[in-house]
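Written below as structure tokens is the structure these notes are about.
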Amino acid sequence: MLLRKLLPVRCGYLARRWASSDPLSLQNEKLQSYLESLRQEYYGLRVNATGNSRAYERLSQLEGVVNALEQRRVLERNITSAKDIEQEKDEDMRKLMEEENEVYADLLSKQEHTMLQELLALADDEVYPALIFGVNAGAGGQEAMLFAQELFEMYTSYFEHMGWEYEEFARETTDIGGLRHANVMVNGADAFHWLRFEAGVHRVQRVPATEKAGRMHTSTASITVIPRPADVHVHIAEKDLKIETKRASGAGGQHVNTTDSAVRIVHLPTGLAVEAQSERSQLKNRELALKRLQARLVQQQLESSEASKQATKKAQQGSLNRNEKIRTYNFVQDRVTDHRIQGGTLHNLDGFLKGGESLSGLVEKLQLEHRRSRLRDLLEAWQPPQKAANKD
């Protein structure tokens, strides 16, 4: 009897999907219309995409959504209507039909979740092959610089955790182990999708080791994320370079300190200077210095161009509403709070600063909210294709 009472509710939800006012509900009529337009676009491209690289790229983007939509439709067709069940005279058969509907309804719910995830990913179309990631100490003097160093270590650990290649090309430290600023070139097809949410002001609240009265201090550091488009290239002419060699300083063994292996390169047109001395070979240090110079020139180009300003705005403000601070690290309460989302408070601060799964989990929440916002905006602006007028 319970199954029979639940049956109208289960079957009726298929009809109610058209009446939902939530634009991201798969019961919403406009979203259903949008999905159908994606389906028609997909099959149209399959017919006409021969030799067109952009069409193949779009097909690849649509494939996940359309496959999920088709599987959903198969499940819908397998659900027996309430009318057919009521007309079935055999009690055992009727009970079997009800049980099958329960199974298909559960499968349909899971499939709709999969389809929504594919649709949200499709709405998030910003792709950059690389980015320049910056860490800068803010207000708070030496304590801010120590915090900036901790953030730098957290993020470089995170780069390794995510399997991204990265190259540090500018860094200024302090005598007590702090960091004034550092810039890193990060390469990874998905790096921008994850790191863009880290851009902004990070605040730390704790009692500094140098605080004799035990008072809690508040300091800040900022993160910048500048995406590097695929079409940004920098040509470095040999005649524009002034290359100097010298003996490396610091630790490194007898060989490093007794040969002219360190390399300093000055880019004459801009005055930018870079150094490399970490390798034993002068040739390898020269290659490393050239990479750092190229990254500095790319950063300069991105920051000075109007296109880069727009991209930077997207990266640092476009994800969610940005306040003066995006995240607070409170050591006294052992918590991290992201101020842009509900449920953005985590504990185990030491674990978070290791730059692993805890950071990924928080970024996933930010990513989901960002994608939902993008999809809502897309649906609000989207207009269904006009149907051809009927002819007499």
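Just so it is clear, none of the values below were taken in a lab; they were calculated from the coordinates. This is a predicted model, so every value here is computed, not measured. FYI the Cβ positions are ideal-geometry reconstructions off the backbone, even for glycines, and counts take in every protein chain you see.
Above 13 angstrom, tally the Cα pairs of the range 175-243 and express them as a % of all pairs, no decimals.
79
Please order LEU35, LEU268 by the number of other Cβ within 10 Å, starting at the fewest.
With the sparsest Cβ surroundings first, the list reads LEU268, LEU35.
Any chance you could run the full-extension gain for LYS212 through VAL234? It's 0.36 nm times the residue separation minus the Cα-Cα distance, nm to one decimal.
Between LYS212 and VAL234, full extension yields 2.8 nm more.
If I model the range 115-186 as equal point scatterers sitting on the Cα atoms and use the Debye formula, what is log10 I(q)/I(0) at q = 0.28 Å⁻¹?
-1.19
Can you give the convex hull volume of the alpha carbon atoms of the range 38-100 per residue, in Å³?
94
Report the extension gain between ASP260 and TRP382 in nm, rounded to one decimal, defined as 0.36 nm multiplied by the number of residues separating them, less their alpha carbon distance.
Value of the extension gain: 37.6 nm.
Find how much the distance from VAL127 to GLU160 grows on full extension, using 0.36 nm per residue of separation minus their present alpha carbon separation; answer in nm with one decimal.
Computed gain between VAL127 and GLU160 is 9.9 nm.
Counting other beta carbons within 10 Å of each residue's own, what order do LYS239, LYS110 fall into, fewest first?
LYS239, LYS110
Within the range 185-225, find all residues whose amide N lies under 20 Å from a label point positioned 7 Å from the Cα of GLN301 along Cα-to-beta-carbon.
Under cut-off, by backbone N: 185-189, 192, 225.
How would LYS325, LYS212 line up from fewest to most surrounding beta-carbon atoms within 10 angstrom?
By the 10 Å Cβ count, ascending, the order reads LYS212, LYS325.
Please go through the residue pairs LYS110/LYS365; LYS291/LYS354; LYS30/LYS95; LYS291/LYS365; LYS291/LYS325 and name each one whose alpha carbons sit more than 26 Å apart in this structure.
Exceeds cut-off: LYS291/LYS354; LYS30/LYS95; LYS291/LYS365; LYS291/LYS325.
Computed FRET efficiency, Cβ-Cβ of LYS30 and ASN52, R0 30 Å: what is it to the nearest 0.05?
The pair LYS30/ASN52 has a calculated efficiency of 0.55.
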